[in-house]
Every structure is written in C-alpha cells, then in structure tokens.
Amino acid sequence: MKLLLLVVLVWTASDEASADAENVRDFEKCHHDMKNAEPDLKSIEHKYKNLALHGKATMSSIYQDSNWGYLGMAINGIDGNPDTDYYHGSCFHTNTEMSPWWRVDLLESYRISYITITNRGDCCGDRISGAEILVGDSLTNNGNSNPSCVRVSSISAGVTQTYYCGKMVGRYVNIVLKGKQQCLHLCEVQVYGD
C-alpha cells in the first residue's frame, strides 16, 4: 500500500512539473509573440519620420466630378490630413481605368520599414481590395514594376492599416490595382523609414 501511495505521489508530482513547464513555455511564446508583434502607429511615428510628407505625388489620372470638379488630386494622399470623407478634399481619386495607380516620389532612396494607408470612409471601401504596394527605385512602367511590399486583401471603409515592408529600399512607393478595371482612391499614405 505504501509503495502504491509513493507511486501515485511521484506520478502526480511529475504531472504538475510537466504542466508547470508547459505553462512556462506558453508564457515565453506569448512574450516572444508580443515582442515581435507589429508596433502600433504611435510607436512607429515615434521611431521613424513620415517621408511622404515632403514627397511629390502623381497618379494615372484624376477623377473629375461634374459637381465637385477635380477634388481628388494626387497630392491629397500625402497632405497629412487623414480625413476619410472624399468630399472634404483630402483624398485622391483616379478615373475608372485599367490598372489605376498612385505614386509618391520620396526624392531620394530610403529604407522603408512601414507603409500606412487610410481608406476612404464615406463610400466604396472595398475598391482597395487586391491593390499592391510597391517600393523601388525604377520608373519603368510608371514604377509599377518595382518589388511588392504587400498585397492588400481588404480594408474596411475609413480604416487605417499599417504594413511592414522589411526595410525595402526605394525612392518610389506605388499603389496599383494591377489588371483591374476600376478607380483607385485613398485618403492618406504614410511612408515610414530612414
């Protein structure tokens, strides 16, 4: 009987030690995941400067509204105003066309860490789905042949999303809807790097 009790105690102690070790591993994994998680926009802004604010923007075309005129100019994408209502005059908007694109020239090459885009909020948030964000030094094909940082799966209307680009080097940041007959519009593009 004493031997059986001793075996049960040893077995219970080893189960508790195993559970404790598993809890430690779970804690360490969680701590590691939190350390490597994408930083929030405030911490990005603290560490890097928004290179786009001093750049030059252009795009494939500019949408003309019969009531509002040329409200959606390319420069609106880097004006520092993240207002998501197109009719307030701080978003860019192309015509409906094949493979519409927008580009910011940072005026020199930088190591790009993060790119943040703010989607239009007053309507049509799904139009950004499938867009590619490109970074590079080439203007071949209007910069639309540069390497891809990310493909945007979707962003809800009025939402700001940040993408990590792994310190890609480039002077030009393009956003393009390759192979789509559509218009392209966003309300702010921020490019963080050094």
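Normalised radius of gyration for the range 135-194, please: alpha carbon Rg relative to 2.2 N^0.38 Å, two decimal places. Could the numbers behind the result be given before it?
Numbers: Rg = 12.2 Å, N = 60, 2.2 N^0.38 = 10.4 Å.
For the range 135-194, the normalised Cα radius of gyration is 1.17.
If you find the alpha carbon centre of the range 94-112 and of the range 46-90, how far apart are they in angstrom?
Value for the Cα centre distance between the two parts: 12 Å.
When N counts the residues of the range 36-149, how does its alpha-carbon radius of gyration compare numerically with 2.2 N^0.38 Å, as a ratio?
1.11
Of the heavy-atom accessible surface of the range 128-180 (probe 1.4 angstrom), what whole percent is carbon and sulfur?
Details: 1050 of 2270 Å².
On the range 128-180, the fraction of accessible area on carbon and sulfur atoms equals 46 percent.
Roughly speaking, what % of Cα-Cα pairs in the range 95-194 are separated by over 20 Å, rounded to a whole number? If you can, show how the numbers build up before the last one.
On the way: 1567 of 4950 pairs.
When every Cα pair of the range 95-194 is considered, 32 percent fall beyond 20 Å.
The values are calculated or read from the model by the stated rules, or taken from the named source; none is laboratory data. Since we're looking at a predicted model, the values are computed, not measured. Side chains are part of the model used for accessible areas, which takes the heavy atoms of the whole protein and leaves out ligands, DNA and RNA. Shrake-Rupley method; radii C 1.70, N 1.55, O 1.52, S 1.80 Å.
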